[in-house]
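Everything below concerns the one structure shown next.
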Amino acid sequence: MSDIVLRVEDVWKSFGDLQVLRGISFDVAESEVKVIFGPSGSGKSTLLRCINYLDPPDKGEIYLRGKRLGDPDTDINKIRSRIGFVFQHFNLFAHLKAIDNVAIGPEKVLGLSKEEARERAMRALKHVKMDKWADHYPAQLSGGQQQRVGIARALAMETDVILFDEPTSALDPELIGEVLQTMLDIAKEGTTMVVVTHEMGFARSVADEMIFIDGGVIVERGTPHHFFTSPESERVQQFLHKLDELYGQTRDERRTIAERDQE
Amino acid sequence: MQGPDIPRLFAVIMERGVPAALQITFFGLGLGLLAGLSLALMRVYGTAPMRTFAELYEKTLRGIPVLVLIYIFTFGVPGLFWFVDPLSRPIVGAYVALGIRSAAYQSQIFRGAILSVGEGQVLAARSLGMTNFQAQVYIVLPQAFKIALPAWSNEYAVVIKDSSFASDVGVFEILKVSLNITASDPRLWLPAMLVVTLIYFIFTYPVTRYFGKKGGGMAQVGREIVWQ
Amino acid sequence: MMSSPASPSIGPLGIEEWVGELAAGLGMTLYLYFTALIIGFALGLLLALARQYGGRISSRIATGYIDLIRGTPLLAQLFLIYTMPYSLNAWLSPDGPPVINTRWSFQLLGLTYLNFPILASIVALGLNSAAYQAEYMRGAMASLGTGQVLAAQSLGMTKHEIFRYVIIPQAFRRMIPSWSNEASYLPKYTVIATFVSVEDLFGKAKLVVARTFLALETYILVGVVYLILITIIARILDKLYEKTKIPGL
Ligand SMILES: Nc1ncnc2c1ncn2[C@@H]1O[C@H](COP(=O)(O)OP(=O)(O)OP(=O)(O)O)[C@@H](O)[C@H]1O
Ligand SMILES: [Mg+2]
């Protein structure tokens, strides 16, 4: 198949005695949005770091557009410049303004001129509606704004795929919406995305496929419709139920507080 | 013969003593910066043997009085600096002694500063496709230098103050010229020492005061760096 | 006076017969260290309290003292103290007998434990160390925050009781890690005593070199002795910290 952007093939990873990933495989097609979820410690972050070889897998292969990352003659830095990464804690460069955070990759890694890089960065910031904040340092931005800059930083590299590692889980509830909206926008524009998240609303509206991971293996996979109507395994049912309790409850509370405020 | 007076003492200190003290400080700090930064990088990113080496280096150089080091590099190995003019050998010995000692402290300063930049930003840089070297040059070190500034200004004060030890090996720095020029007139000893103290204060206090206030992850209250 | 060595070399270093001398020097070094540390501790505590909890004037004075000491070399401070009586004598009685006697000495079991150079060294080291110790103590006091003081006040404690029962016990524990820095820094700086001809460890080393010309061996040996001394002190302080640690503090 020619429209496979990313292929994850039987990936294993352990840290010392701890076997974190035990043979994970899936493909991501052009413009596909893949949502990965599962309990804490199940290896989701590890999987994403294996995909761009920040943590090389012990066994198994990753292919980006057919190119094997583990090949001795693959320039891993070149490959990484074609895989975007959005972090749970944003990881913005603290000494750089928003615009320079976004421009530094195109300039130093892709070799664009300073002007070209800044232009491209500005476009990316506009894309996430952060152009007005271009001259602010990360410390001057809210969590939601920082994460949008983090997304712009990935967008500006014009990568083949962007990996998101729980991009909203470090945010205050009232800031989650703006980041999810940005992600929805770029998903609808056809960006290829692999998203680790527990925001089931997001999954429901844009995921092409959802993958549930537990204990380092894929327990169940399917469309959002499948997961929200007839999940097969008990573990998935329990997990979704728990999510509902946690997030559903807080959402109700949020609503009541909002209603109270209106009175 | 006319005895020296305070204005003349002041003039001689400024002409001979201060330049020598600043020279020692400049080269001592510079050598300490190069070696200290390398040690810090070894400790943070190096292999296990490199880390052990850097740690051992720090422990050793921090445990020996700087005067002993100065003696080792001057009288201990007399021919060590055969390539410099014999008259300058003591001052070169002082640069090296203060420099390799300062390296041990600067290594600590930079290690802490590098660590406080945080792994997340390095990961982000690597995920953009930067090489390790690029991540250091563009992301980690610019921030580390800024974070290290207060502690580094303290280290500057330590080195310039300790340059006074070089007086014991015949370097005509501030203390030595003052003691020499007033040697024959005990009445001037005390005033001379007041002048000396004042001059050092002028060279340290404004610097530590200014840079000490520039925030950062470190407090530099003492003779050496303290992490909070 | 020491007799010159009978045989040129009796061991690998060639300075083995001078071990007794060096040991006496080490004794002097330790003596300078502990007296200065204690003086510095007492004065440092006063300075810290004055700076952190004192009135405007006393906190200004404490701050000024600390800044002055930290901004100038210990060696200059020593010479300031050491030259004082000589200068005063020269001014007050240029030709007559000295007004201030600098030639006294106290001995015990044949060892000089106090004379003017030793006194000047101890005073210089103590006054200097006080400024650094004060800053470490103040750091520990400042880190307590105001919440506990407010709580103590709300219990009806007096200022004195708050110091005694709330601030000082916690500050002492908190300051151990940073204070350890000063405690293991000070031994190295006792070498300043050599400058006023006190025969501390380094002074003895210079003596040995003058007799044997084995400069490198002697200075390295002495360097190692300082290193061991400081390592031991750091170990002891680590133990002390572990012993007095309070969870969450
Ligand atoms: N560098 C590492 N060294 C050792 N253990 C690690 C490392 N990285 C992750 N682990 C361990 O691997 C397991 C999986 O971690 P991972 O971060 O991938 O989980 P996760 O699914 O992302 O969890 P969360 O939802 O909490 O983010 C955890 O037990 C973690 O402690
Ligand atoms: Mg994770």
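The values are calculated or read from the model by the stated rules, or taken from the named source; none is laboratory data. Please read all numbers here as calculations on a predicted model, not as lab measurements. Virtual Cβ from ideal backbone geometry, glycine too; neighbours counted across all protein chains shown. Each accessible area value is taken on the protein alone, full model and side chains, heavy atoms only, with ligands, DNA and RNA left out. Shrake-Rupley method; radii C 1.70, N 1.55, O 1.52, S 1.80 Å.
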What do you get for trypsin sites (Lys or Arg not before Pro) in the range A:186-229 restricted to DSSP loop and a cutoff of at most 14 other Cβ within 10 Å of the site's Cβ? none
Label-point gap, in nm, between residue A:225 and residue C:34 - each point 7 angstrom along Cα→Cβ: 8.6
Would you mind checking which residues have amide H under 5 Å from residue A:23's amide H? H placed 1.01 Å from N; only 5 or more apart, or other chain. A:11, A:12, A:13
Tilt relative to chain B, helix B:48-62 - C-alpha long axis, 0 to 90 degrees, to 10: 20
Total accessible area lost when C and B pair, probe 1.4 Å, Å² to nearest 100: 4000
Return one number: the angle in degrees, 0 to 90 and rounded to the nearest 10, between the long axis of the Cα atoms of helix C:215-244 and the longest principal axis of the Cα atoms of chain C. 20
Starting at the first residue of the range A:87-96, write each ³J(HN,Hα) from the Karplus equation 6.51 cos²θ - 1.76 cosθ + 1.60 with θ = phi - 60°, in whole Hz, x for Gly and Pro. 9, 4, 9, 6, 6, 5, 6, 5, 8, 10
Select from C:175, C:157, C:137 the residue whose mean-square fluctuation is largest in a Gaussian network model of chain C (Cα-Cα springs shorter than 10 Å). C:157
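Which value at 222 nm does the protein assembly as shown reach when only helices count, each DSSP H run of 4 or more adding -39,500 (n - 2.57), with the total divided by all residues and rounded to the nearest 500 deg cm²/dmol?
On the way: 28 runs with 421 residues, N = 740.
Theoretical 222 nm ellipticity from helices: -18500 deg cm²/dmol.
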Residues whose modelled amide H sits under 5 Å from the amide H of residue A:214, counting only those 5 or more places away in sequence or on another chain, are A:219
Taking a ≥ b ≥ c as the square roots of the eigenvalues of the Cα gyration tensor of the range B:6-212, is the shape rounded (a/c under 1.5), prolate (a/b larger than b/c) or oblate? prolate
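Over all distinct Cα pairs, what is the inverse of the mean 1/r for the protein assembly as shown, reported as the Kirkwood hydrodynamic radius in Å? Intermediate values should be presented prior to the final figure.
On the way: mean 1/r = 0.0327 Å⁻¹.
When all Cα pairs of the protein assembly as shown are included, the Kirkwood radius is 30.5 Å.
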Only bridges with both residues in the protein assembly as shown count here: give the DSSP antiparallel percent, nearest 5. 65
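Taking chymotrypsin sites (Phe, Trp or Tyr not before Pro) as exposed when DSSP calls them loop (any state but H, G, I, E, B) and at most 15 other Cβ atoms lie within 10 Å, what is the longest stretch of chain C free of them, the sites themselves excluded? Before the final figure, lay out each step's value.
Details: sites that count: C:104, C:213.
Formally, the longest exposed-site-free interval is C:105-212.
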Cα axis of helix C:201-212 to longest principal axis of chain C: angle in degrees, 0 to 90, nearest 10? 10
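Taking the Cα centre of the protein assembly as shown as origin, work out the dipole magnitude from +1 charges on Lys and Arg Cβ and -1 charges on Asp and Glu Cβ, in debye rounded to 20.
Using Cβ point charges on Lys, Arg, Asp and Glu, the protein assembly as shown gives about 2020 debye.
By its C-alpha gyration tensor, with a ≥ b ≥ c as the square roots of the eigenvalues, how is chain C shaped: rounded for a/c under 1.5, else prolate for a/b larger than b/c, else oblate? Please report the intermediate quantities before stating the final value.
Numbers: a/c = 3.06, a/b = 1.57, b/c = 1.95.
Oblate, because a/c is 1.5 or more while a/b does not exceed b/c.
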Spelling out what I want: for every residue of the range C:34-41, take phi, set θ = phi - 60°, compute 6.51 cos²θ - 1.76 cosθ + 1.60 (Karplus), and round to whole Hz; glycine and proline get x. 5, 4, 5, 4, 5, 4, x, 5
Cut-off of 10 Å, at most 14 other beta carbons, DSSP loop: longest stretch of chain C lacking such trypsin sites (Lys or Arg not before Pro): C:104-244
Given R₀ = 25 Å, FRET efficiency for residue B:213-residue A:135 by Cβ-Cβ distance, to 0.05? 0.50
How far apart, in nm, are two points set 7 Å out from the Cα along the Cα-to-Cβ line at residue C:158 and at residue B:82? 7.6
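Using the Cα gyration tensor of chain A, with a ≥ b ≥ c the square roots of its eigenvalues, what is the shape: rounded (a/c below 1.5), prolate (a/b larger than b/c) or oblate (neither)? Please list the in-between numbers first.
On the way: a/c = 1.82, a/b = 1.04, b/c = 1.76.
It comes out oblate by the Cα gyration axes.
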For residue A:86, list long-range residues whose amide hydrogen, built 1.01 Å from N in the peptide plane, is under 5 Å from its own amide hydrogen. A:163, A:164, A:165
Sequence order, the range B:178-186: Karplus ³J(HN,Hα) from phi using 6.51 cos²θ - 1.76 cosθ + 1.60, θ = phi - 60°, Hz rounded, Gly and Pro as x, gives 5, 5, 5, 6, 9, 3, 7, 10, x
For the residue C:59, residue B:137 Cβ pair and Förster radius 45 Å, calculated FRET efficiency rounded to 0.05 is 0.50
